[in-house]
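This report refers to the structure that appears directly beneath it.
Please treat every number below as a calculation from the coordinates, not as lab data. These numbers come from a predicted model, not from an experiment. Don't worry about glycine lacking a Cβ; one is built from the backbone with ideal geometry, like all the others, and counts go over all protein chains shown.
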Amino acid sequence: MPKFLHSVKLEQDKCLGCTNCIKRCPTEAIRVRDGKATIISERCIDCGECIRICPHKAKRASYDKFEIINDYKYKIALPAPALFGQFDNLDDIDLVLTGLIEIGFDSVFEVSRAAEIISEVTRRFFAERHKDGRRPGEHPIISTACPAVVRLISVRFPYLSDYLLPILAPVELAARIARAEAKKKHPELSDEDIGVFFITPCPAKVSYIREPIGVDSTAITGALPITDIYLRLISVMPHIKKSLPLSRSGVIGISWATTGGEAAALLHEKYLAADGIENVIRVLDEIENENFSGLDFIELNACSGGCVGGALTMENPYIAKARLQQLRKFLPFSQNTIEVDGEGEEHIEWSRQIEENRAMRFSDDKKTAIEMRVKMNNIAKSLPGLDCGSCGAPSCRALAEDIVRGEAYETDCIFRMKEKIQEIFRSIADIEHINLDK
């Protein structure tokens with residue numbers, strides 16, 4: 001069973017066992033036991049839903065501290081396009097990029113630049129795929145830009161792994177190009193001298209850096225949250241008299257920050273874009289049931305609104321989206337191609353495939369797994385079916401699964417406990433009645 005280095009952490013001293021989190025977790029990775037929440041590491045996909053829903057701030061995202069950049073001779077910032085949507089009345093991306101230089105970075109490489117290259121590679125991928133016409137029964141391709149969605153598929157929908165687009169995430173490509181440019185400009189620098197830091201909107205991308213998807217190792221050094229960088233930027237940006245000409249992004253790249261941006265960059269209409277983890281699950285269910293016909297591409301974002309809705313952003317995602325729509329008016333359509341940035345298509349494909357996460361399997365032995373599943377179904381039928389969460393599991397079915405795995409008891413259900421207590425009282429009453437008759 002793979003052990004991921006997660007970004008989402010639980011602070012048990014703050015947890016009051018309220019069960020809010022267990023209802024929202026898309027992989028049922030949280031249980032409440034002995035009055036405290038616990039996270040099943042193998043199931044967690046670091047989507048951040050528990051961080052958003054917890055009223056006691058008992059869930060948090062771990063990430064690198066800003067001071068870590070000082071450990072490197074040459075420091076590169078990789079701002080996610082969602083960063084630009086955090087600022088009110090912003091009409092010049094260069095102002096934000098110059099601000100990053102002001103707070104301590106030596107250079108900046110926009111992730112949106114790499115997104116435009118990925119969009120071009122994806123268009124070529126589909127052109128090659130459809131060169132001889134669409135084949136009967138050919139399935140749609142699912143975007144791999146959102147690591148939470150990819151992890152979700154590996155945990156809950158492993159049969160859809162073959163549908164994933166085997167192309168690097170923009171942040172990984174951005175890091176590779178940024179490192180290459182830095183070494184070309186400063187040949188005296190080694191890889192160890194260069195720190196490449198992604199300014200991230202969500203904990204799932206922090207986890208990506210710790211456990212890369214589709215590659216054996218990442219070119220990214222660490223992750224800094226937008227929440228932290230935003231506060232540092234607003235203290236220096238008002239004092240910038242003239243911004244540096246650093247931006248090389250266009251409408252296509254910036255649009256990746258919001259739902260539909262990646263799909264629209266394919267320049268054809270046979271796509272679907274969905275956001276919000278619950279909507280994503282519904283779409284994946286439909287794909288698994290083969291209910292989507294005629295679609296080429298499916299873009300899925302775990303966060304509402306897309307990356308602008310990440311748990312590590314400052315602004316309301318819909319306000320941020322509106323700001324980006326305004327900002328795009330000042331940008332060219334696209335400024336980046338494979339040839340311009342010197343990366344061939346063979347370097348943009350995954351070097352390894354996604355492995356199935358077996359956390360939801362009962363057993364690798366098929367017979368044993370079937371027997372355990374039958375037992376679970378029988379137990380689930382005997383439970384009240386209210387999914388109240390009082391047992392510490394998100395649903396009656398989840399409690400039944402825990403019982404079969406030996407991790408819970410039927411009496412953890414308060415209704416079954418009540419029945420047991422009533423049976424005991426009835427037995428005692430019957431005994432007392434017999435004694436009185438004597």
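Among the listed pairs 73/184; 9/205; 36/418; 59/375, those whose Cα-Cα separation exceeds 24 Å are 59/375. Karplus-derived 3J(HN,Hα) values for the range 222-237, using 6.51 cos²θ - 1.76 cosθ + 1.60 with θ = phi - 60°, are x, 10, 10, x, 4, 4, 6, 5, 4, 5, 6, 5, 5, 7, 10, 4 Hz; glycine and proline are entered as x. Amide H contacts of residue 167 (H built 1.01 Å from N, in plane; Pro and chain starts excluded): 350 sit under 5 Å, all sequence-distant by 5 or more or on other chains.
If you take all other residues with their beta carbon under 15 Å from the beta carbon of residue 329, and give Lys and Arg +1 and Asp and Glu -1, the sum is +1. Reported to the nearest whole Å, the Cα centre-to-centre distance from the range 106-124 to the range 263-325 is 19. Projected label points at residue 373 and residue 71, each 7 Å from Cα along the beta carbon direction, are separated by 4.5 nanometres.
With all projection directions averaged, the alpha carbon convex hull of the range 42-170 covers 12.3 nm². Using the Karplus relation 6.51 cos²θ - 1.76 cosθ + 1.60 with θ = phi - 60°, the per-residue 3J(HN,Hα) values for the range 97-104 come to 5, 5, x, 5, 5, 5, 8, x Hz, with x marking Gly and Pro. Rounded to the nearest 500, the helix-only mean residue ellipticity at 222 nm of the chain stands at -11500 deg cm²/dmol, with each DSSP H run of n ≥ 4 adding -39,500 (n - 2.57). Sequentially through the range 44-57, phi angles give Karplus couplings (6.51, -1.76, 1.60; θ = phi - 60°) of 5, 10, 6, 6, x, 4, 5, 5, 5, 8, 5, x, 10, 6 Hz, Gly and Pro residues having no value and appearing as x. Here the range 365-438 is treated with +1 on each Lys and Arg Cβ and -1 on each Asp and Glu Cβ, and its dipole about the Cα centre works out to around 300 debye.
Once the Cβ-Cβ distance between residue 127 and residue 24 is put in as r, and R0 is 51 Å, what FRET efficiency do you end up with, to the nearest 0.05? Working from the Cβ atoms, E equals 0.80. Calculated translational diffusion coefficient of the range 365-438 (10 °C, 1.306 mPa s; Stokes-Einstein with Kirkwood radius over alpha-carbon pairs) equals 114 µm²/s.
Less than 5 angstrom separates the built amide H of residue 273 from those of 299, all sequence-distant by 5 or more or on a different chain.
Scattering from the range 116-254 was approximated by placing one identical point on each alpha carbon and applying the Debye formula without solvent; log10 I(q)/I(0) at 0.11, 0.17 1/Å stands at -0.57, -1.16.
Remark on the chain: hydrodynamic radius 23.7 angstrom, per the Kirkwood mean of 1/r across alpha carbon pairs. Close amide H contacts of residue 224 (hydrogens built in the peptide plane, cut-off under 5 Å, sequence separation of 5 or more or a different chain): 198, 199, 200.
In a DSSP loop and with at most 16 other Cβ atoms within 10 Å, the trypsin sites (Lys or Arg not before Pro) in the range 1-84 are 3, 14, 57, 65, 73.
If the Kirkwood radius is taken over C-alpha pairs of the range 1-62, then at 4 °C and 1.567 mPa s the Stokes-Einstein diffusion coefficient equals 113 µm²/s. Given +1 at the Cβ of Lys and Arg, -1 at the Cβ of Asp and Glu and no other charges, the dipole of the range 1-62 around its Cα centre is 120 debye to the nearest 20. With the charge dipole of the chain set up from +1 on Lys and Arg Cβ and -1 on Asp and Glu Cβ about the Cα centre, the Cα lying farthest toward the positive end among the listed residues 27, 77, 268 is that of 27. Only the Cβ atoms of Lys and Arg (+1) and of Asp and Glu (-1) were treated as charged; on that basis the dipole of the chain about its Cα centre amounts to roughly 760 debye.
Below 10 angstrom from the Cβ of residue 186, what's the summed charge of the other residues (Lys, Arg +1; Asp, Glu -1)? That works out to 0.
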